[in-house]
Structures are given as structure tokens and as C-alpha cells.
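The values are calculated or read from the model by the stated rules, or taken from the named source; none is laboratory data. Just so we're clear, the structure is a prediction, and the values are computed from it rather than from any experiment. Every residue, glycine among them, receives a Cβ derived from its backbone with ideal geometry; neighbour counts consider all protein chains shown. Side chains are part of the model used for accessible areas, which takes the heavy atoms of the whole protein and leaves out ligands, DNA and RNA. Shrake-Rupley method; radii C 1.70, N 1.55, O 1.52, S 1.80 Å.
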Amino acid sequence: MSLMGILDRVADSATFDKTIEPARRAVQAVLRPQAFKDLLHGTWLGHPVHPVLVQVPVGSWTSAGLLDAIPPLRPAATVLIGTGVAASIPAALSGAADWSEQGIGVQRLGALHAVGNTLALGLYVGSLVARARGRGGLGRVLSYAGLGVATGSAAVGGHMSYAQSSGASHSATAARAMSSDWIDLGPLDDLPEGRPALRTGSGGSVDVPLAVVRRGARVDAFIGACSHLSGPLHEGAVEQVRGTDCLVCPWHGSAFDLEDGQPRRGPAANPQDKLEIRMQAGRVMARLPGRDR
Ligand code: FES
């Protein structure tokens, strides 16, 4: 079985579910208020912030491993290890915030990822202590062990992103199935006022659900699958969130600005793909903008 096959087995196993749910609730209780969670998700950036933050510890620790191999440069390696230890804290917080809003398969692998990262962090802290006490040899053994564990844990994190679509935009994935043609969404008067309605966009071989909101003569249409985890936006609501009219997902409460689809409240960090609208003889026509075709 391949390494990734083993990770899929872990994602399918319910062995540790009894500890995962209390941990998830504890993370959600600690990471408050919502504005703090959104900061950690990357909602303000329009992109998940965890993969950005992990660059610092990963880069610092990898560089420290190289510098430790050259005796005159070992003091610089110690500085980089300390930098990585400090930078791992915000990276861990953002990862925990994202993890607490994922499906169970991702949470199972995420728990393994967190255990690996915690072990790596402990090894690096031990390395710093050993170096401070003049035991450089032990410090290097501990930091190289930390690098090995952190690398393995990074592979688990990569599997969560690339194989389990954690952090990916599910809206963009759904948009790729759509054709580039104008789609007839029906008469304007058939759309309910001020709440989302389900319409269907034609794809190459499948129909793509759309969430369409009418406010007077104005219509906003979005890909129907929420960018966070594909929640059905047509079952959501239109609400004012942080001063803007938003389409709110019924699953985890992400709010997308009706003007441009940008997330105004998480856990979504990616925007919601929005369609262009034109009116034609009282009927609403929609199509994806150029970047999605
Ligand atoms: S699916 Fe999670 S907020 Fe929409």
C-alpha cells in the first residue's frame, strides 16, 4: 500500500473519534470571538492563511538543518530554530481554526497532523534547551529528529489539501463544470424577493446548481456550492453581515458579499464565484465571467 493509501485508511478510521469531537469543541470555545477566528481562517485575505503562515517554521527549520551541517554557521541555525518555534504558534492556531470546521475525514487526518507538529515542536524546544546548556551535539540530534517529524507531518497536511480538498474552493471546482454560454434563468418576476432561489446552470455533461438572489430589479447569481465545503447556498439566507448584504451558507454560516462574492464571515476564506447578469425581454440571463471559463 502506498503512503497516501495509509493516510486514506486513517481518514476512514473512527478509532479516535471520541477524542476528536471534544477537541473540536474545545478549539471552537477557545478561538473566540468570530472576528479572531476569521483572522485565523484568512477570510479578510480572501485566501486561507494557514498555508501562508506555515512557510515561516518550515523554511526556518529546513534552513537550520542546512546551517547545522556547517560548524561556523551553527549559531545562525539556533536563531532560525527559535524563529521557527515562535512562528509555529500562529500557524498552529490558524490550522486549528480551519480544522474545527472541516468534515470528519479531514479532522481525523488533521488530528494526526497536529500530533506530528506538536512532537516536532517539542523536539525543537528540547534542541534549544540543549544548545543553551552547551550540549550542541544533543541539540543537533533533536533538531534533525524534529525536521524529520515535521516533514512527515507536512506530507499529511498536503494530503489534507490535495486529496481531501481541505482549504480548496469548492465553488471554483463546481464552476469548472459550467459552459461559457449565457444561461436563461427564467423570468425576473418568478424569482422570490430577498431570499436565495435555486436555478440550474448548464454544464458540459452535468447541471450546476446556482443560488440566485433578487432584490427589486437587481439580481445576483452565484455558483450554488459554498466555497467552504459545498453547502447548498440556495437554502441559505440574505443577511446584513458587517455592514454589507450577504448570502449566508446554511451549513457553517459563511457570509458572502452579494456585490462581489468576497467572504465577509468565515469559516470560508475563498470567495464565492459570481455570474454576470443581463436582462433580456424580462428574463434573467447569466454566465460565468472570463476567468472561470
Ligand atoms: S459549507 Fe461551510 S460555510 Fe458553507
**Message:** Projecting each Cα onto the charge dipole of the chain (Lys/Arg +1, Asp/Glu -1 at the beta carbon, about the Cα centre), which of 277, 290, 169 comes out farthest on the positive side?
**Reply:** 169
**Item:** Selected from 59, 82, 137 as most flexible by GNM, with the chain as the system and alpha-carbon contacts under 10 Å
**Value:** 137
**Prompt:** In Å, what Rg and Dmax follow from the Cα atoms of the chain?
**Reply:** 23.1, 81
**Message:** Ignoring ligands, DNA and RNA, please state the percent of accessible area on region 28-111 from carbon and sulfur, probe 1.4 Å.
**Reply:** 76 percent
**Message:** At R0 = 30 Å, how high is the FRET efficiency between residue 14 and residue 173 if r is their beta carbon distance? Nearest 0.05 is fine.
**Reply:** 0.65
**Request:** Classify region 78-119 as rounded, prolate or oblate, taking a ≥ b ≥ c as the square roots of the eigenvalues of its Cα gyration tensor: rounded when a/c is under 1.5, otherwise prolate if a/b is larger than b/c and oblate if not.
**Result:** oblate
**Request:** Wrap a convex hull around the Cα atoms of region 207-282, take a quarter of its surface area, and give that in square nanometres.
**Result:** 5.2 nm²
**Request:** Evaluate the relative contact order of region 183-291 (contact order divided by residue number), counting alpha-carbon pairs under 8 angstrom at least 6 apart; express in whole percent.
**Result:** 23 percent
**Asked** Once the Cβ-Cβ distance between residue 76 and residue 239 is put in as r, and R0 is 41 Å, what FRET efficiency do you end up with, to the nearest 0.05?
**Response** 0.20
**Complete:** With only helices counted (DSSP H, runs n ≥ 4, each -39500 (n - 2.57)), the per-residue ellipticity at 222 nm for the chain, to the nearest 500, works out to -15500 deg cm²/dmol
**Message:** With an 8 Å Cα cut-off and a minimum separation of 6 or more residues, compute the relative contact order for region 3-162 in percent.
**Reply:** 26 percent
**Request:** In whole angstrom, note down how far apart the Cα centers of region 1-77 and region 150-172 are.
**Result:** 11 Å
**Item:** Apportionment of accessible area to carbon and sulfur, region 170-287, percent (1.4 Å)
**Value:** 46 percent
**Request:** Calculate the spin-label point distance for residue 52 paired with residue 195, positioning each point 7 Å from the Cα along the beta-carbon direction, and give it in nanometres.
**Result:** 3.7 nm
**Asked** With all pairs of different alpha carbon atoms counted, what Kirkwood hydrodynamic radius in Å does region 154-287 show?
**Response** 15.0 Å
**Anisotropy class of region 70-141 from Cα gyration tensor, a/c 1.5 cut** = prolate
**Request:** Once you have the Cα-Cα distance between residue 21 and residue 215, take 0.36 nm times their residue separation minus that, and quote the gain in nm to one decimal.
**Result:** 65.8 nm
**Item:** Counting DSSP beta bridges with both ends in the chain, the antiparallel % (nearest 5)
**Value:** 95 percent
**Å² of accessible area per residue within the chain, as computed with a 1.4 Å probe and no ligands counted** = 48 Å²
**Item:** Integer Hz, Karplus 6.51/-1.76/1.60 couplings in order for region 245-257, x for Gly and Pro
**Value:** 6, 10, 9, 9, 6, x, 7, 10, x, 4, 10, 10, 4
**Message:** Compute the angle between helix 55-68 and the longest alpha-carbon principal axis of the chain, please, reported from 0 to 90 degrees and rounded to the nearest 10.
**Reply:** 20 degrees
**Request:** Mind telling me which of 185, 121, 66 comes out most flexible in a GNM of the chain, alpha-carbon contacts under 10 Å?
**Result:** 66
**Cα lying deepest toward the dipole's positive end in region 170-287, options 198, 217, 254, charges on Cβ** = 254
**Request:** Working from Cα positions, state the angle (0 to 90°, nearest 10) between the long axis of helix 17-30 and the longest principal axis of the chain.
**Result:** 80 degrees
**Asked** Considering the alpha-carbon set of region 14-77 alone, what are its Rg and its Dmax in angstrom?
**Response** 18.2, 49
